[in-house]
1. Confirm whether Glu526 is closer than 27 Å to His618 by Cβ, of a type outside the set (A, V, I, L, M) and free of Cβ contacts under 8 Å to residues at least 40 places away in the same chain.
2. I'd like to check something: does the range 242-257 contain any residue that is surrounded by fewer than 16 Cβ atoms within 10 Å (Cβ to Cβ) and within 16 Å of the ligand (Cβ to nearest atom)?
3. Which residues, counting only those in the range 155-169, are of a type outside the set (S, T, N, Q) and within 16 Å of the ligand (Cβ to nearest atom)?
4. When the range 170-190 is examined, which residues are found to be in a loop (DSSP other than H, G, I, E, B) and within 16 Å of the ligand (Cβ to nearest atom)?
5. Identify, by number, the condition in (1) surrounded by fewer than 24 Cβ atoms within 10 Å (Cβ to Cβ); (2) under 30 Å from Asp514 (Cβ atoms); (3) small (Gly, Ala, Ser); (4) within 14 Å of the ligand (Cβ to nearest atom) that Ala296 doesn't meet.
6. Would you say Met45 is within 16 Å of the ligand (Cβ to nearest atom), closer than 22 Å to Ser286 by Cα and either at pLDDT 90 or above or not basic (Lys, Arg) (or both)?
7. Report whether or not Trp288 is surrounded by fewer than 24 Cβ atoms within 10 Å (Cβ to Cβ), within 30 Å of Val227 (Cα to Cα), of a type in the set (A, V, I, L, M, F, W, C) and away from the ligand (no atom under 16 Å from the Cβ).
8. Within 31 Å of the chain's Cα centre (by Cα) and more than 16 Å from the ligand (Cβ to nearest atom): does that describe Met92?
Amino acid sequence: MKKGILIFTLLFCSVLLFMNMDVKKKDKVEELLSKMTLEEKIGQMNQYSSFFDATGPAPKNDGYQKERYEHIKNGLVGSMLNVRGAKQVREMQKIAVENSRLGIPLIFGFDVIHGHKTVFPIPLAEAASWDLEAIQNGARVAAIEAAAEGLNWTFAPMVDISRDARWGRVMEGAGEDPYLGSQIAIARVTGFQGDDLSANNTLAACAKHFAGYGFAESGKDYNTADVGTSTLYNVILPPFKAAKDAGVRTFMNSFNELNGIPATGDKYLQRDLLKGKWNFKGFIVSDWGSIGEMIAHGHAADGPHAAELALRAGSDMDMESHLYIHQLKSLIEQGKAKEAHIDEAVKRILQVKMDLGLFDDPYKYCDEAREKELIYHKDHRAAALDMAKKSIVLLKNEGNLLPLKKEGESIAIIGPLANDKNSPLGNWRLGSEDNIAVSVWEGMSEYNKSNKLELAQGVRLIDENPNFPSHVKINYTDKNGMDEAVKLAKKSDKVILVLGEHGYQSGEGRSRSDIGLPGLQQELLEKIHAVNPNIILVLMNGRPLALPWADENVPAIVEAWQLGIETGNAVAEVLYGDYNPSGKLPMTFPRDVGQVPIYYNYKNTGRPGPKNEVFWSHYTDMTNDPLYHFGHGLSYTTFKYSNLKTSINKENKKVTVEITIKNTGDYDGTEIAQLYIRDKVATITRPVKELKGFQKLELKKGESVNHTFTLTEKELGYFDNQGEFMFEAGDFDIMVGGSSKTELSETVNIAW
Ligand code: GLC
């Protein structure tokens, strides 16, 4: 009894202490705000990118750099991005803290998107692992390395859902599904922020791009997004809400207009929904220059008007449009802007800096010894390798061409990406160095010395070697090397063909109208196939590709995305069968770009098919079916699903779904069992299928397991066109399987 009272008292005191600390921080923010001039407040809302090295001489005397330097010195900058290295951050922080009147520390942001120095697989690849623990750990490792370099804020996770493989930034997200995207958003926010934001190995995270950016018309980056309310509330917003509920400390609004209003100036999105209904307490940063871009959008008449609209809409910090710092003071003086809005923005920004511990010690993230000790740490590479293996998706394996025999085989490794050490790093590797990936050739030749491996490039993929951020010029003419590659293929037992996209063919500003193999790669593929059909096609790409010929003719196809620094080692372990592939597609692969947007959770329409007539929803020249469907991914073993059983508990309003999964093949393996529902009759029509649960199961060969999923109103309900969540009793299809082409289904009437 006494022990119980003691424990309760201790707990009660710690809660009080915690709340008290929280109140103290809020008081400190209020107290600091009360001392600030209007200019200093506006300075906190101003963010610059750094292209100069603060440790060197003062920036070049061109006006642009000099003004930034002066603004930092005078407390007119709240944040910097793109400052790299503990030393540089320390020097820049000193300029602000030791020169400005109130010594308010800067917050340093950076695009830590998939790893920092140790580059992890691109986010779309990580999503293919469906491994929330590994994804969270990847964000954790990235935070450790970025924080060791002095950074305290990452512009990640990008949680934009997209159904359009033409859009370059699908590489940066979690694919087409809001449920998977929400779970991954939570994992990434938790990984970046940890459980103590003031620790010197965690980062404030940023849910971006709010909102609708992934629905850019025709897949063109920055293009208009015009979506219905049902798609907005049920597809686009859920991952943002999940990130907010996971405690993400910042949001970034998006470049696009959403239903006629640029997101940066959208008061409903930012003030009414995010800060109001969702009660978000962090701050919102604009995307690069997006405040000023409202002029081009035709929403703002000029710079002052753009600043006025953005502030009113709830955009707290201005990334690189320089409009807040130059316009807000006069807008206040003219009565066109409210100082209360400025105070609210500044309090949000100061609170995050407080929680990061920057007021306690502005230099706590700037320890060069830690930096040296932690970046590229062997444990980080091991985590990157683990993530890479889990991200690989086996798309096809006819005749079990894979796994490779470990001896006595001559294997040709061919293709423009076969020995590319750069493209596997993907587009967002700014924090690291170029050409540090283990190439497929390096990984394969290092992994097994008992087979005879030979390398041939076949064709060059690009005409010249671009540096970021220039456009990639694809080689369509120089066939030099093709004959040599064909000769090598002809005399080899098997061919590993490494084809796909250059690392800068996807990412921001890199949409493609054609999502086939770029350049001369298809010609190379067909010429190789003509002399040796024993091809293992290893794809290295940042988006779903349309590869109908390959699917028709190539016996084994492996989706290896852009796997980061450990690419070659991960591919080798999988091709040799020492890691049995377990990845599942987070995004549908079209058969043809003409099918885009194509996704699994489509609506049935009033004229579903197929029908032996013309009057149904279809193309006359192409099937409706994708090349590879959402959730698809094979293994070297096979899995059987049986004994689907659902039961409804009316008291606690839960549906349990039991399933038996058996490993019926010859290899131990991991299966990602997926649970889908269909609400068959609803006031707002529901998709034919919606992912509402998944579980990674490791099963030894012959082993079977019973797994139970649970469904509540949270999974069974949906948002109506006013954004109100609702559950409607009625018939539901409950479906389970190893992909969205589910094996078992049962219709149940759910009512309580
Ligand atoms: C970019 C991107 C955004 C990124 C920001 C800072 O234009 O849209 O995702 O975080 O600028 O680099």
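1. no
2. No: the range 242-257 contains no residue that is surrounded by fewer than 16 Cβ atoms within 10 Å (Cβ to Cβ) and within 16 Å of the ligand (Cβ to nearest atom).
3. Those that are of a type outside the set (S, T, N, Q) and within 16 Å of the ligand (Cβ to nearest atom): Phe155, Ala156, Pro157, Met158, Val159, Asp160, Ile161, Trp167, Gly168, Arg169.
4. Residues satisfying the conditions are Gly173, Ala174.
5. Answer for Ala296: the failing condition is (4).
6. Answer is no for this residue.
7. When the stated conditions are applied, Trp288 does not pass them.
8. Here the answer is yes, as Met92 does meet what is asked.
The values are calculated or read from the model by the stated rules, or taken from the named source; none is laboratory data. Nothing here was measured: the structure is a model prediction, and the numbers come from that model. Neighbour counts run over all protein chains shown; Cβ positions are idealised from the backbone, glycine included.
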